[in-house]
Amino acid sequence: MAAGSMSHDLGDLLAESVRHAMRGARGKPLALSFDCQDGVSVEVDRIAMSCALHRLLCAAIDVIGGGLLVLHADARLVRAGRVWVQVRIGGSGPLAADAVIDDVLSRLRMSEVADEQAGATGRLRRAHGLCPATQGHVEFASLATAGVLLTYEHVFEGTVSAVEACGRDANAARAWVVDADEVATEALSRRLQRLGWATATFSAPSQATQRLRSMPPAHARPALVVFQESAAATADDADDLSALLPSAARCVFAVNAGSMTLRHDHAPSRAELRVGPLSPAELQQLTAALAPGADEASGLTRPAPLLLPQRPTLLVVDDNEVNRIVAAGLGESLGYTVSLACDGVDALDICFSAPPDVVLMDLAMPRMDGIEATVHLRQLQRSGAMPPFPVIAATADTTEQSRQSCFDAGMDGVLHKPLLRPTLRDELLRLLPIDR
C-alpha cells in the first residue's frame, strides 16, 4: 500500500469530485447523470484520487460545450484483495474547437494516436496516457457526431461487497424524487431502484405537495423524499413538504456545493440538508434506516411507483465505443435500462436471449451492418421466433437513399447523428408510449 493510502468508498470519492467539478460548469447548459457501483472500497491516497477524478471531469466539461455528461464507475474483484476500477465520463453535445481539445490533451499529458477517419461519422481523435497522481491508465476519444469519452482504469487494493451490505433493501417502499432536472432525476431514481425502492418523480414541489394532499388514506405515503434545490424549489418548499409526511419518513434537501443554503441561516428547519449528488453510501444509509411498516401494501396510484425491473429496455447497437456510451447515457437519462451490442451479430444474439423493448441501430458496422441485422430480426419476428419490437436507425448518413433503405429493411424510424436527447425522447415516445 502506498504511503498515505487508506480505505475509501469509491462512490464517496466520485460524488465529492462531481460536486467540485460541476461548480466550474455553471453557466453551461450541461446536465449530469451520475452513477456508481455500490459497495466498492479501495486503498488509495484520497488527495491523489481526488486530483485524478477532478482533472478528468474538468477535461470533459471543457471539451463539451453543453448537453449531457454521463459519469459511471464500475469495479470487479480481479483477485483476493485487488480491485479493477473503471471510471467512464461520456459527453454528448457540441465539441470545442480542435485548439481547445489540443490544450486539454496537453493538460492531461496524453499522447495522441494518429487521427482515424470514421467516414461519414467525421474525425475520430484518440489519445492515451498515465494519470500523474495515481498512475492509472487514461484514454480519450472524441467524435464530432457523438461527443467525447474519457476512460480511467487502475487496479487498487480493496474490496467489492454486495449491495445487501447496507442491511436490507427497501422492499418496494415509496421514494419520491422532486427535481426539475430530468437527467438527474432519472439517474437518482435508477440508483434508488437498485436498492429496492419504488420511485415516483415530480418536476416541481407543487406537484408533490398536491399528490400528498389528494392521496386516499389507504395509499402508502413516501418513506423517503429527495428534494433537489433550484430557483423554483427552496428550503421553505422542502420544509412545507416535509410537514405533510408521516413522522417516520425522511425528507432530504439536496443542494449544490457552494449553495448559500449551506449557511445556517438559510438551512431548512425540518428537511435534512445534504450536498448532492448523494453518494452510494448515503443512499445505503437511508435504505438501512427505513422505518418498519413503510413498505406495506397500498392502493394503486397513477402513475404507479416504478421498480427497476419495470423499466423499459433499450438495446444500443454501434461499433464505435464513443457512440455506444453516449447513446447508453441518453437512453438511461430517459428512463430506460440499456444493453449494448457492437455489431449486428451481437445484436441478434442479445435479441434472442433477452428481447428488448426497442433497438437503436447503427448502419455501418463490421461483420453484419444495421440493414442486414434488421432484415434478419424482421424475418425472425414474422416466423414467431422472436417478439416484435421497434427498430430505430441511428446514422450520420443523411441521404434520402439511406433513409429509404432503412424503411425498406423494416425499420420504424431514422435519427441522424449526433443524437439529441429531445429528438431521441420524442421518437421513443412515438414508438413506445410509456405511462410514467
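Given the structure, is Asp408 farther than 19 Å from Ser92 by Cβ, in contact with a strand residue (DSSP E or B) (Cβ under 7 Å, 6 or more places away or on another chain) and of a type outside the set (Lys, Arg)? Considered against the rule, which asks whether it is farther than 19 Å from Ser92 by Cβ, in contact with a strand residue (DSSP E or B) (Cβ under 7 Å, 6 or more places away or on another chain) and of a type outside the set (Lys, Arg), Asp408 comes out as no. Please work out if Ala396 is at negative phi and in contact with a Lys or Arg (Cβ under 6 Å, 6 or more places away or on another chain). Judged against the criteria, Ala396 is a match. Tally time: how many residues in the range 382-403 are in a loop (DSSP other than H, G, I, E, B) and either over 14 Å from Leu415 (Cα atoms) or free of Cβ contacts under 8 Å to residues at least 12 places away in the same chain (or both)? Qualifying residue count, the range 382-403: 8.
Tell me the residue from Arg425, Arg367 that is in a helix (DSSP H, G or I) and either under 18 Å from Thr145 (Cβ atoms) or among the basic types (Lys, Arg) (or both), please.
Numbers: Arg367 fails: in a helix (DSSP H, G or I).
Criteria check complete, one pass: Arg425.
Evaluated against (1) assigned to a loop (DSSP other than H, G, I, E, B); (2) touching a residue at least 40 places away in the same chain (Cβ under 8 Å); (3) open to solvent by 30 Å² or more (accessible area, probe 1.4 Å), Pro355 falls short on exactly one condition, (2). Condition check: surrounded by fewer than 19 Cβ atoms within 10 Å (Cβ to Cβ) and either outside any strand (DSSP E or B) or of a type outside the set (Val, Ile, Thr) (or both). Does Val345 satisfy that? Yes; evaluated as a whole, the condition is true for this residue. Where in the range 131-225 are the strands (runs of 3 or more DSSP E), entirely inside, with at least 1 residues that are of a type in the set (A, V, I, L, M, F, W, C), on the phi < 0 side of the Ramachandran plot and in contact with a Gly (Cβ under 8 Å, 6 or more places away or on another chain)? Once the strands (runs of 3 or more DSSP E) in the range 131-225 are filtered for at least 1 residues that are of a type in the set (A, V, I, L, M, F, W, C), on the phi < 0 side of the Ramachandran plot and in contact with a Gly (Cβ under 8 Å, 6 or more places away or on another chain), what remains is 137-143, 147-160.
Which of the residues spanning the range 358-372 are of a type in the set (Gly, Ala, Ser) and open to solvent by 30 Å² or more (accessible area, probe 1.4 Å)?
To start, the set of residues in the range 358-372 that are of a type in the set (Gly, Ala, Ser) comprises 364, 370.
Of everything in the range 358-372, just one residue is of a type in the set (Gly, Ala, Ser) and open to solvent by 30 Å² or more (accessible area, probe 1.4 Å), namely Ala364.
Filter the range 176-218 down to residues that are open to solvent by 50 Å² or more (accessible area, probe 1.4 Å) and among the hydrophobic types (A, V, I, L, M, F, W, C) and give me whichever is modelled with the lowest pLDDT. The selected residue is Ala218. Number of residues in the range 31-69 that are within 19 Å of the chain's Cα centre (by Cα), farther than 18 Å from Val183 by Cα and at pLDDT below 90: the value is 4. If only residues of the range 237-260 that are surrounded by fewer than 19 Cβ atoms within 10 Å (Cβ to Cβ) and polar (S, T, N, Q) are counted, the one that is nearest to Ala204 (Cα to Cα) is Asn256.
Beta carbons closer than 8 Å, at least 6 apart along the sequence or on distinct chains, pair a first residue in the range 310-326 that is closer than 19 Å to Ser142 by Cα with a second that is open to solvent by less than 10 Å² (accessible area, probe 1.4 Å) and assigned to a helix (DSSP H, G or I) for Val316/Ala327; Val316/Gly331; Val317/Gly344; Val317/Ala347; Val317/Gly370; Val317/Ala373; Asp318/Ala327.
Can you find even one residue in the range 397-408 that is closer than 15 Å to Val316 by Cβ and touching a helix residue (DSSP H, G or I) at 6+ places or on another chain (Cβ under 6 Å)?
Residues of the range 397-408 that are closer than 15 Å to Val316 by Cβ, as a first pass: none.
No, the range 397-408 has no match at all.
So which residues in the range 304-336 are part of a strand (DSSP E or B), more than 16 Å from Pro387 (Cβ to Cβ) and at pLDDT 95 or above? Spell out the reasoning first.
Going through the range 304-336, the residues part of a strand (DSSP E or B) turn out to be 306, 313-317.
The next check asks that each one be more than 16 Å from Pro387 (Cβ to Cβ); those that pass are 306, 316-317.
The answer is Val316, Val317.
Having 1 or more residues that are crowded, with 17+ Cβ neighbours inside 10 Å and touching a residue at least 60 places away in the same chain (Cβ under 8 Å) is the bar; report the helices (runs of 4 or more DSSP H) wholly within the range 1-117 that clear it.
So the answer is 10-21, 46-63.
Could you check the range 375-410 and list, in sequence order, the residues that are at pLDDT 95 or above, under 17 Å from Ala327 (Cβ atoms) and more than 27 Å from the chain's Cα centre (by Cα)? Once the filter is applied, which keeps residues that are at pLDDT 95 or above, under 17 Å from Ala327 (Cβ atoms) and more than 27 Å from the chain's Cα centre (by Cα), the range 375-410 yields only Cys406. Checking the range 122-138 against the condition returns a match, with at least one residue being buried (at least 17 other Cβ atoms within 10 Å of the Cβ), farther than 30 Å from Gln207 by Cα, more than 24 Å from the chain's Cα centre (by Cα) and at pLDDT below 85.
Scoring Leu77 on the criteria (1) in contact with a Cys (Cβ under 9 Å, 6 or more places away or on another chain); (2) modelled with pLDDT under 90 leaves a single failure, condition (1).
Out of the residues in the range 240-291 meeting the condition of being part of a loop (DSSP other than H, G, I, E, B) and hydroxyl-bearing (Ser, Thr, Tyr), tell me which one is farthest from His8 (Cα to Cα).
Start the filter on the range 240-291 by keeping residues that are part of a loop (DSSP other than H, G, I, E, B), which leaves 244-249, 256-259, 263, 267-271, 276-279, 289-291.
Among the residues that remain, those that are also hydroxyl-bearing (Ser, Thr, Tyr) are: 247, 259, 269, 279.
Working: Ser247: 33, Ser259: 26, Ser269: 31, Ser279: 12 Å.
Per the stated criteria, the residue is Ser247.
The values are calculated or read from the model by the stated rules, or taken from the named source; none is laboratory data. Computed from a predicted structure; not experimentally measured. A quick note on method: Cβ atoms are made from the backbone with ideal geometry, for glycine too, and the neighbour counts reach across all protein chains shown. Only protein heavy atoms, including side chains, enter the accessible area calculation; ligands, DNA and RNA are left aside. Shrake-Rupley method; radii C 1.70, N 1.55, O 1.52, S 1.80 Å.
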